[in-house]
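Reviewing the structure listed below.
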Amino acid sequence: MRIRVNLPVEDMPKSWYNVIADLPFKLDPPLDPETREPLNPEKLSPIFPQSLIEQEISDKRFIEIPEEVLREYAVYRPTPLIRATYLEEYLETPARIYYKYEGVSPTGSHKTNTSIPQAYYNAREGVKRLVTETGAGQWGSALTYAGRKFGLEVEVFMVKVSYFQKPMRKNLMQLYGGNVTPSPSEKTKFGKRLLEENSENPGSLGIAISEALEVALEDSKTKYSLGSVLNHVLLHQTVIGLELKKQLEMIGERPTIIMGCHGGGSNFGGTILPFIPDKLEGKDIRFVACEPTACPSLTEGRYDYDHGDTAGITPLLKMYTLGKDFIPPKIHAGGLRYHGSAPIIARLVHEGIVEAQAFDQDEIFKWAKVFSNIEGIVPAPESAHAIAGVVKEALRAKEEKREEVIVFNLSGHGLFDLTAYT
């Protein structure tokens, strides 16, 4: 039987969940790039508004969601939980498969869960302009949408290879009034230097972050906004996992595997973090991050301090990294072309609480096409990595003749990515 679990708007989470309050260890602190000593949070004030700095370092278990943010969330939240019965039948698996569908958001992905509060807090503190980077464009379109809602100008540096691969994402950002520039660009000193060295540089998220930071640091009324990696970003994304817990309880299901694609860690973290206390209490549950073989930070990276950007402007973060100078191949999952990982997710992997698997582009598109045809939703190339991971686990359950309850985050639709499917 087809199951679709919808929560009423009044059951939408009223607070974000901060997993740091429940971890049995302390995260390694970010380091000042100049002194390599623990960073004074006030040094982040030229980049972020005070409210987000406070969330970044908070150890409070729940942080209340402002009414203005809840009002915007209610446009598309709560998002549905859907049982993938057609996929189960196709695979002939005893596993029950569910997906939390974040593609119903205004811009088609989970990214609006953090763009809305980030725009709200910046506007409340008098910021006039936000500058950011984007890979495939999900984050850039989410931030331009949120900027329009709260009266902010938004400038986006879009990784050059994705800028040309995904013109519709660029058009969507421009529809919301965003200014979009392919990165590396002539707009910044760092971008100019890279283009002088190699005029065909395809760009990377690390490079685009460096360009955005350079612009932000030149203007006191401009702040930088990040769509993944940092603690406050994953905090905002926990609305996904909090809703998911309620929806699974409504139908009497207990997940045995929870999966999501992984680039910087925002959608994956938002999905699994509310379930971490269950794992720590001894419940039998696995968390699996699915990343590209072309950019395998969790599966092949080193666990070490590194910069979040290529120019070395950001604080040093303890994470799994391929090195700040790593330039990933031109895969279509542009949102996963990041050299590092969220410190929270990295530490959970390091402690053995979270697993990581890598999938190549041919495999993820194979299963994305199957999913499109039988489940009726075209997944974003990023989300297709989670689908490939689900298929792998479902077929294993079939081979071993055992039940599993597999839940994954379908983090966005791929209607702006159709050229990738050809």
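Bear in mind that the values in this text are calculations on the coordinates, not laboratory data. This structure is a prediction, so every number in the text was calculated from the model and none was measured. Counting neighbours? That spans all protein chains shown, and the Cβs are built from the backbone with ideal geometry, glycine included.
Could you tell me whether region 298-422 comes out rounded, prolate or oblate from its Cα gyration tensor? Rule is a ≥ b ≥ c as square roots of the eigenvalues, rounded for a/c under 1.5, then prolate if a/b exceeds b/c, otherwise oblate. Walk me through the numbers before you get to the answer.
On the way: a/c = 2.61, a/b = 1.41, b/c = 1.85.
Oblate, since a/c reaches 1.5 and b/c is not below a/b.
With +1 assigned to the C-beta of every Lys and Arg and -1 to the C-beta of every Asp and Glu, and no other charges, what is the dipole magnitude of the chain about the Cα centre in debye, to the nearest 20?
My answer is approximately 780 debye.
May I ask for the Rg/Rh ratio of region 182-247, computed from Cα atoms with Rh as the Kirkwood radius, given to two decimals? Can you show the working numbers first?
Working: Rg = 16.6 Å, Rh = 14.1 Å.
My calculation puts Rg/Rh at 1.18.
Relative to the Cα centre, what is the charge dipole magnitude of region 301-422, using +1 at the beta carbon of each Lys and Arg, -1 at the beta carbon of each Asp and Glu, and rounding to the nearest 20 debye? Walk me through the numbers before you get to the answer.
Working: 13 positive and 17 negative charges, 12 e Å.
Using only the charged Cβ atoms, the result is roughly 60 debye.
Taking the Cα centre as origin and putting +1 on Lys and Arg beta-carbons and -1 on Asp and Glu beta-carbons, what dipole magnitude results for region 1-107, to the nearest 20 debye? Write out the running numbers ahead of the final one.
Values: 13 positive and 19 negative charges, 104 e Å.
That gives region 1-107 a dipole magnitude of about 500 debye.
Is region 236-375 rounded, prolate or oblate when judged by the Cα gyration tensor, a ≥ b ≥ c being the square roots of its eigenvalues, rounded requiring a/c under 1.5 and prolate requiring a/b larger than b/c?
Numbers: a/c = 2.13, a/b = 1.30, b/c = 1.64.
Oblate.
How large is the direction-averaged shadow of the alpha-carbon convex hull of the chain, in nm²? Walk me through the numbers before you get to the answer.
Details: hull surface 73.5 nm².
Quarter of the Cα hull surface area: 18.4 nm².
Give the long-range amide H neighbours of Ala380: residues separated by 5 or more places, or on another chain, with amide H under 5 Å away, using H modelled in the peptide plane at 1.01 Å from N.
Correct list: Gly412, His413, Gly414.
Choose one of Val5, Val405, Thr114: the residue whose Cα lies farthest towards the positive end of the charge dipole of the chain (beta-carbon charges +1 Lys, Arg; -1 Asp, Glu; about the Cα centre).
Val5
Starting from the 7 Å offset along Cα-to-Cβ, what nm value, one decimal, do you get for the label separation of Glu400 and Glu37?
So the two model labels end up 5.0 nm from each other.
Nearest 5 percent is fine: what portion of the DSSP beta bridges confined to the chain is antiparallel? Display every interim value, and only then the final one.
Working: 18 of 51 bridges.
Bridges in the chain are about 35 percent antiparallel.
Based on the Cβ-Cβ distance of Glu10 and Arg148, what FRET efficiency does E = 1/(1 + (r/R0)^6) give at R0 = 35 Å, to the nearest 0.05?
Values: r = 27 Å, r/R0 = 0.76.
Step by step, r from the Cβ atoms, then E = 0.85.
What's the longest piece of the chain with no exposed GluC sites (Glu not before Pro), counting a site as exposed if DSSP puts it in a loop and it has at most 11 other beta carbons within 10 Å? List each step's numbers first, then the result.
On the way: sites that count: Glu34, Glu92, Glu186, Glu200, Glu218, Glu281, Glu351, Glu403.
Free of exposed loop sites, the longest segment is 93-185.
Going Cα to Cα from Lys43, which lysines come in below 29 Å? Please leave out same-chain ones fewer than 8 positions away.
Lys26, Lys60, Lys111, Lys128, Lys149, Lys187, Lys189, Lys192, Lys221, Lys223, Lys318, Lys324
What percent antiparallel are the DSSP beta bridges of region 80-221, to the nearest 5?
Working: 3 of 14 bridges.
Of all bridge pairs located within region 80-221, approximately 20 percent are antiparallel.
Give, in nm to one decimal, the length gained when the segment between Glu363 and Lys187 is fully stretched (0.36 nm per residue of separation minus the Cα-Cα distance). Write out the running numbers ahead of the final one.
Details: separation 176, 0.36 × 176 = 63.36 nm, distance 3.75 nm.
The span from Glu363 to Lys187 would gain 59.6 nm if fully extended.
Taking a ≥ b ≥ c as the square roots of the Cα gyration tensor eigenvalues, with a/c under 1.5 meaning rounded and otherwise prolate when a/b beats b/c, else oblate, which class fits region 305-365? Can you show the working numbers first?
Numbers: a/c = 2.93, a/b = 1.17, b/c = 2.51.
Since a/c reaches 1.5 but b/c is at least a/b, the shape of region 305-365 is classed as oblate.
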